[in-house]
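Below: the structure, in structure tokens.
Read-outs throughout are calculated quantities, based only on the coordinates presented, and are distinct from any laboratory measurement. Because the structure is a prediction, the values reported are computed rather than measured. A quick note on method: Cβ atoms are made from the backbone with ideal geometry, for glycine too, and the neighbour counts reach across all protein chains shown.
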Amino acid sequence: MKTESKPSSRGTHYGQLSPGGHWMWKGTGGPSDDWVVQVGQQKAPEVLAQPAAGTAIPGTTTIDALFTTLFATRSGDLGAASYAWSSAPNTIVATFPSGTTTSALNGCALFAKLEARSVYPSSIRP
């Protein structure tokens, strides 16, 4: 996915989208007015530290340790993650309620989907 470059000119009104729709003007006339990346337009985080397939995970490993193993590099505005079951089936979501920016509070999240596989005659059930 090609990312549209941040516009160099100021926007004309709050909520204005850039020509490619990747950026939105968050300007209200103040000195900190700027273009911000639209939620949903960002590339997915790249996994840089995925352990090799078959690497054992101790039973005492915390959810936070699993998420941190894969996504350890996080911007400072996020703060600590808070984990909860998602409304999606078998999914854990990490949000950042102590974040210091709007994007940290309302847009950033980590997800882990848990799935099971059984082969007849064995079974795995909820």
| said: For Val93, Val119, which order do you get if you count the other beta carbons within 10 Å of each Cβ and list the fewest first? | reply: Val119, Val93
| remark: Simple SL model, points at 7 angstrom along Cα→Cβ for Ala84 and Arg125; separation in nm is 3.1
| What order do you get for Phe71, Phe111, Phe96 when you list them from fewest to most C-beta neighbours inside 10 Å? | Phe111, Phe71, Phe96
| field | Relative exposure of Trp35, Trp85, judged by other C-beta atoms within 10 Å (fewest first) | value | Trp85, Trp35
| said: I want to check the label-to-label distance for Thr68 and Ser103. Put each point 7 Å from Cα in the C-beta direction and report it in nm to one decimal. | reply: 2.4
